[in-house]
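Working notes, structure below.
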Amino acid sequence: MKRPDCTPWPIYNAGAGSDTARMIRLARFVIAICAAVCASLCAAPATAQEGALSALAKLNANASEIAAAGDGLVVTLSLSQPVPWRVRVLNGPPRLLLDFREVDWSNLADLPVDSDAILGLRAGVFRPTWSRLVIDLPKPMVVARSEMATSDAGAQVAVTLRGATDGEFAAAAALPEPPEWALPRAADLPPPRLPLSQRTGPLIVVLDPGHGGLDPGAEQGSLSEANLMLTFARELKEVLLRTGEVEVVLTREQDIFVPLEERVSIARAAAGDVFISLHADALAEGAAKGATIYSLSAEATDEAAQTLAERHDRDDLLAGVDLTAQDDLIARVLIDMARLETTPRTGRLAQALESAIKAADIKMHRNAQQTAGFSVLKSPDIPSVLLELGFLSSDSDRANLTDPAWRARMADAMKTGVLAWAAAERARPPAP
Ligand SMILES: [Zn+2]
C-alpha cells in the first residue's frame with residue numbers, strides 16, 4: 001500500500017499490522033491529516049496518533065540504503081513494522097532529520113551508505129518513545145517526496161531530496177515545530193520555590209546525567225560518558241535519598257537524548273533547589289585529569305573549558321535541536337536580576353563541593369573550580385554547577401570512574417558538600 005505524498009512536515013501515522021480494515025481506516029486518517037496539513041502547513045496533533053501504535057520497529061539494514069540521486073539523495077529504510085514518523089530539514093549545518101516512534105537503530109552500522117552523498121549519519125533515542133536519524137547533508141536540499149509503503153513484511157520508508165537554493169532551503173528549515181512537538185520552555189514554567197533561607201521542607205536536588213541517546217558523549221572503548229554518568233547519577237541519588245532530608249529528580253532516567261534547554265526546564269518544573277550536571281568528557285589535550293567544578297560565566301576560565309562548552313552545545317545542535325531560543329530566554333532583564341542573587345549561592349555551592357571532595361581525599365584538577373558558558377547552567381534562579389567527575393581520556397580517571405568503590409566515595413563526598421551548603425544557606429539571613 002502506498003501512502004499519499006505529503007508536505008515534509010507532519011507526523012505521519014502508520015498501521016501497526018496488516019489488518020485490511022485498520023489499514024483503510026489509517027489510510028483515510030493519513031489522507032485527512034495530509035489535507036489538513038497541506039492547507040495549514042502545520043502538523044496534525046501528535047496526541048491523536050499516540051497510544052496503541054507505539055512499538056519498536058527494527059531497521060533491516062540490508063534492505064535499506066542511502067544513495068546519491070542526481071543533485072539530491074534517496075533514503076530508503078526498511079523497517080520490521082510501520083510506525084508513526086516525520087521528516088524535516090534543519091540548517092546550520094544542513095541536515096535531514098527522520099523521527100520515528102520508534103526504531104531500534106542497533107544495526108545502523110550495516111546500512112549501505114554512499115559516503116560521497118552525505119557528510120555523516122547518527123541515530124538513537126531522541127526523547128521518550130521517539131527515535132531520530134540525523135543525516136548531515138553536503139549542501140542545501142529539500143524533501144521532494146516522502147512516503148511509507150506498508151506490507152505484511154513491514155514498512156518501506158522512501159525519502160527523496162533534491163538540490164535546493166539557499167533561500168528555498170532556509171525556508172524549509174525555518175518551518176516552525178508544531179506546538180505538540182515543542183518542549184516546555186524554562187521561561188514558561190512556574191518560578192522555583194523560595195530560597196532555602198526562607199522556607200523549610202526537603203532539599204530538592206536535580207541531578208543531570210550528561211548526554212544520552214543519540215549523543216553518547218565521550219567514548220573510550222566500550223565505555224560511554226552517557227552511560228557512566230547515568231550509573232553515577234543513580235548511585236548518587238540513592239546516597240542522597242538515604243539521608244532522609246533530600247528529594248532527588250533526574251533529568252533522564254534512561255539512555256535517552258534530552259536537549260540542554262529541556263534539562264533546565266526539568267529542574268525548574270521540579271522546583272529544584274540545586275542543579276548538578278554530571279560529566280566525564282574526553283579532552284585531546286591529554287593533560288586534563290581530576291574532578292573539576294564548573295559554574296556559569298560568559299568568560300571561560302581557559303581554552304579547555306571553552307572547548308567543553310562548545311562541544312556540549314554542539315552535541316545538541318547535531319542531534320537536531322535549535323538552541324536559538326536560549327538567547328531570548330537569557331537576555332531578559334528579570335533573569336539577569338535573578339542571576340545576581342543566584343550567582344553567590346552558586347559560588348558557595350561550588351566551594352562546599354570542592355571542600356567535601358578534597359576532604360574525601362579525591363584528586364581534583366589543579367584548577368578545581370572553573371567557569372564556562374555551559375548552556376545547561378543557565379537557569380537564572382537555581383544554583384547550578386557542572387561537575388566533570390574526571391576525564392575519560394585520562395587512564396587514572398577512567399580507572400576511578402569504572403570503580404564502584406571510587407564512585408561511592410565521590411557520591412558520599414558530594415552528599416556531604418550539598419548538605420553542608422544547604423545547612424549554611426538555611427542559616428543565612430534572608431537577602432534584603
Ligand atoms: Zn559531557
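The values are calculated or read from the model by the stated rules, or taken from the named source; none is laboratory data. Please read these numbers as outputs of a predicted model, since none were measured by experiment. Note that we place each Cβ from the backbone using ideal geometry, even for glycine, and neighbour counts take in every protein chain shown. The protein model used for the area step is the full one, side chains on, heavy atoms only, and it has no ligands, DNA or RNA in it. Shrake-Rupley method; radii C 1.70, N 1.55, O 1.52, S 1.80 Å.
Structural remarks
- Put simply, of Ala309, Ala271, Ala298, Ala267 the only residue that is within 16 Å of the ligand (Cβ to nearest atom), among the small types (Gly, Ala, Ser) and outside the structural domain of Leu133 (by TED's automatic domain parsing) is Ala309.
- Cβ-Cβ distances below 7 Å connect the following pairs, each with a first residue in segment 89-117 that is assigned by TED's automatic domain parsing to the domain that holds Thr76, a second residue that is in a strand (DSSP E or B) and open to solvent by 40 Å² or more (accessible area, probe 1.4 Å), and a separation of six or more residues or different chains: Asp104/Lys58; Pro112/Glu65; Val113/Leu121; Asp114/Ala68; Asp116/Ala68; Ala117/Ala68.
- Selection over segment 194-223 of residues that are within 16 Å of the ligand (Cβ to nearest atom) and not in a strand (DSSP E or B) gives a count of 7.
- Only one of the numbered conditions (1) modelled with pLDDT under 85; (2) part of a helix (DSSP H, G or I) is violated by Gly92, and that is (2).
- Residue ID - nearest to Ala309 (Cα to Cα), chosen from residues in segment 360-372 that are crowded, with 19+ Cβ neighbours inside 10 Å and not aliphatic (A, V, I, L, M): Thr371
- Taking the criterion of being within 21 Å of Arg199 (Cα to Cα) and touching a Lys or Arg at 6+ places or on another chain (Cβ under 7 Å), the only residue of segment 392-423 that qualifies is Trp421.
- Residue in segment 218-231 that is farthest from Glu253 (Cα to Cα), counting only those that are surrounded by fewer than 23 Cβ atoms within 10 Å (Cβ to Cβ) and in contact (Cβ under 8 Å) with a residue 12 or more places away in the chain: Gln220
- Of all the residues in segment 374-392, those that are assigned to a loop (DSSP other than H, G, I, E, B) and surrounded by fewer than 23 Cβ atoms within 10 Å (Cβ to Cβ) number 2.
- Residues that are over 18 Å from Thr150 (Cβ atoms) and modelled with pLDDT of 55 or more, drawn from segment 45-77: Ala61, Asn62, Glu65, Ile66, Ala67, Ala68, Ala69, Gly70, Asp71, Gly72, Leu73, Val74
- Of all positions in segment 393-406, at least one carries a residue that is part of a helix (DSSP H, G or I), touching a Phe, Trp or Tyr at 6+ places or on another chain (Cβ under 9 Å) and surrounded by fewer than 19 Cβ atoms within 10 Å (Cβ to Cβ).
- Leu121 part of a strand (DSSP E or B) and open to solvent by 40 Å² or more (accessible area, probe 1.4 Å): yes
- Any hit, segment 191-204, residues being of a type in the set (A, V, I, L, M) and at pLDDT 90 or above: yes
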